[in-house]
Amino acid sequence: MSRFRRTSIAVALIASIPLAVSACSSSGGKQTTDSTADAGGAVAGTPTMKVAMITHQAPGDTFWDIIRKGAEAAAKKDNVQLDYTADPDATKQAQLLQAAIDKKVDGIAVTDPNNGALGPAIKKAIAAGIPVTMFNAGGTEAMGLGALAYFGQGETDAGKAVGERIVKDGGKKIVCVIQEQGQQQLEDRCAGVTTGAAGASVERIYVNGRDDSAVATTIQAKLTQDKAIDWVVTLGAPFALDAIKSVSGAGSSAKIGTFDTNKELVNAVKDGKVTWAIDQQPYLQGYLAVDALWLYKTNGNIIGGGNNVATGPAFIDKDNVEAVAKFAANGTR
C-alpha cells in the first residue's frame with residue numbers, strides 16, 4: 001500500500017472531533033465569520049480565548065467551507081471566540097493579519113500562500129507575543145517563521161504522487177490547471193506532477209478561478225485545440241466540476257483528476273466523471289489549527305513537536321469513495 005493511502009497519525013485525533021455546521025458570511029474578496037455554531041458536547045471551562053483565522057480563500061471556493069467547519073467545531077469545544085477573515089490577494093491578507101495583531105488576539109491561525117508578502121507579518125505577530133499556527137499553505141516556511149505548528153500536506157510530494165499515478169494508468173499528455181496566479185502551493189503541486197509524470201508531457205494552464213464559466217471555457221478551448229491531451233488535473237474541487245463540462249463540450253476523452261474535495265466532487269467520483277481526488281483533510285486542518293492554540297495557551301502543549309503534521313495526501317477513488325461519501329454529505333470531507 002502506498003504511503004499516500006495510509007492514514008496520517010494526525011487522523012487519530014479526529015475521533016473526538018464533534019462535527020458542526022458553522023455560520024458564515026462573505027462579501028466580495030474579504031470574508032468573515034464569527035464562531036456561533038453549536039458543535040455539541042461539552043465546552044471547555046477555560047477562559048474565553050480570541051483567535052483570528054486568516055486565509056487566502058477566494059469567494060465561492062467551497063473547499064474553505066470545510067476548513068471553517070473544522071475550525072468552528074474546535075472553537076466551540078475550546079470556548080474560543082473565532083474571527084475568520086480571508087482575501088486571495090496576499091497583500092490584503094497581510095493587512096488582515098496586521099489587523100489581528102492590532103486587536104491583540106490570543107492566537108492566530110494563518111495560511112501562507114505567498115511568503116514574501118505574509119512572512120514578515122507572521123514574524124511580527126510572533127514578536128508581539130501572539131502564538132501562531134499555520135495550515136494548508138506555507139509548510140516549508142512555517143517552522144523557520146516561528147510558528148508553533150503546521151497542519152497540511154506536502155504539496156510537491158502530493159503532486160508527485162499524482163504524476164506517478166497518471167503515468168501508471170497510461171497517461172501521456174497532461175494539463176495542470178492553476179486557478180490563482182502567485183500562490184506557491186499551487187505551483188508546487190504542478191511541479192510535483194511534472195516530476196512524478198516522468199516520460200509524459202505536462203503543461204500548466206492558468207484560469208480565472210473566480211469565474212466558473214471562464215474556467216470551463218479555457219479548459220475546453222485547450223482540449224479542443226489538442227486532442228492528444230488525455231488527463232486534466234485541477235487543483236481544487238470546483239474546477240474539476242468545471243472540467244467535466246469542458247471535456248464534454250470539447251468531445252474529449254481526457255480523464256479528470258483533482259486535488260481536494262467537496263460534496264459534489266465526491267458524487268462525481270462515485271459517478272465516474274472524475275477518476276480520483278487527492279484529500280488533504282481540510283476539516284482536520286481547520287480543527288487542529290485552532291485546537292493547537294488552545295492546547296498551547298492552556299497547557300503549554302505543541303502538536304507535532306516542532307515538525308509539520310501531515311493531514312494528507314491520500315487518494316479518494318472508486319475503491320474507497322463510499323467510505324468518504326457519508327462525511328462529504330455533512331460537508332466535512
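The values are calculated or read from the model by the stated rules, or taken from the named source; none is laboratory data. Just so it is clear, the structure is predicted and the values come from calculations on it, not from any experiment. Glycine also receives a Cβ, built like all others from the backbone with ideal geometry; neighbour counts cover every protein chain displayed. With ligands, DNA and RNA removed, areas are computed over all heavy atoms of the protein, side chains included. Shrake-Rupley method; radii C 1.70, N 1.55, O 1.52, S 1.80 Å.
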Checklist entry - Restricted to region 301-333, and to residues that are among the basic types (Lys, Arg) and part of a loop (DSSP other than H, G, I, E, B), which residue is farthest from ALA142 (Cα to Cα)? => result LYS318
Item to check | region 238-264, residues that are buried (at least 23 other Cβ atoms within 10 Å of the Cβ), in a helix (DSSP H, G or I) and not hydroxyl-bearing (Ser, Thr, Tyr) | outcome: PHE239, ALA240, LEU241, ASP242, ALA243
Checklist outcome for this item: Within region 130-157, restricting to residues that are touching a helix residue (DSSP H, G or I) at 6+ places or on another chain (Cβ under 8 Å) and of a type in the set (S, T, N, Q), the one that is most open to solvent (accessible area, probe 1.4 Å) is THR156
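Check ASN208, ASN267 and return the single one that is in a helix (DSSP H, G or I) and either among the hydrophobic types (A, V, I, L, M, F, W, C) or open to solvent by 10 Å² or more (accessible area, probe 1.4 Å) (or both).
Working: ASN208 fails: in a helix (DSSP H, G or I).
Checking each option against the conditions leaves just ASN267.
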Checklist entry - If we scan region 273-291, do we find a residue that is of a type in the set (D, E, K, R), open to solvent by less than 10 Å² (accessible area, probe 1.4 Å), part of a loop (DSSP other than H, G, I, E, B) and more than 14 Å from ASN136 (Cα to Cα)? => result no
Checklist entry - Just one of ALA117, ALA100 is open to solvent by less than 20 Å² (accessible area, probe 1.4 Å) and more than 17 Å from GLN285 (Cβ to Cβ); which is it? => result ALA100
Checklist entry - Taking region 42-66 only, how many residues are touching a Ser or Thr at 6+ places or on another chain (Cβ under 7 Å), touching a residue at least 60 places away in the same chain (Cβ under 8 Å) and within 19 Å of VAL132 (Cα to Cα)? => result 2
Checklist entry - When region 158-175 is examined, which residues are found to be in contact (Cβ under 8 Å) with a residue 40 or more places away in the chain, buried (at least 18 other Cβ atoms within 10 Å of the Cβ) and not in a strand (DSSP E or B)? => result ALA158, ALA161, VAL162, ARG165, ILE166, GLY171
Checklist entry - Which numbered condition trips up GLY182, out of (1) out of contact with any Leu (no Cβ under 7 Å at 6 or more places or on another chain); (2) at pLDDT 95 or above? => result (2)
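How many of the residues in region 182-205 are under 30 Å from GLN93 (Cα atoms) and open to solvent by less than 60 Å² (accessible area, probe 1.4 Å)?
So the count comes out to 12.
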Checklist entry - Residues ASP106, ASP112: which one is acidic (Asp, Glu), open to solvent by 10 Å² or more (accessible area, probe 1.4 Å) and in contact (Cβ under 8 Å) with a residue 12 or more places away in the chain? => result ASP106
Item to check | Residue count for region 302-319, restricted to those that are more than 14 Å from the chain's Cα centre (by Cα) and under 17 Å from ASN262 (Cβ atoms) | outcome: 3
Item to check | Filter result for THR85 (at pLDDT 70 or above and among the polar types (S, T, N, Q)) | outcome: yes
Checklist entry - Any residue at all in region 295-310 that is open to solvent by less than 20 Å² (accessible area, probe 1.4 Å) and among the small types (Gly, Ala, Ser)? => result no
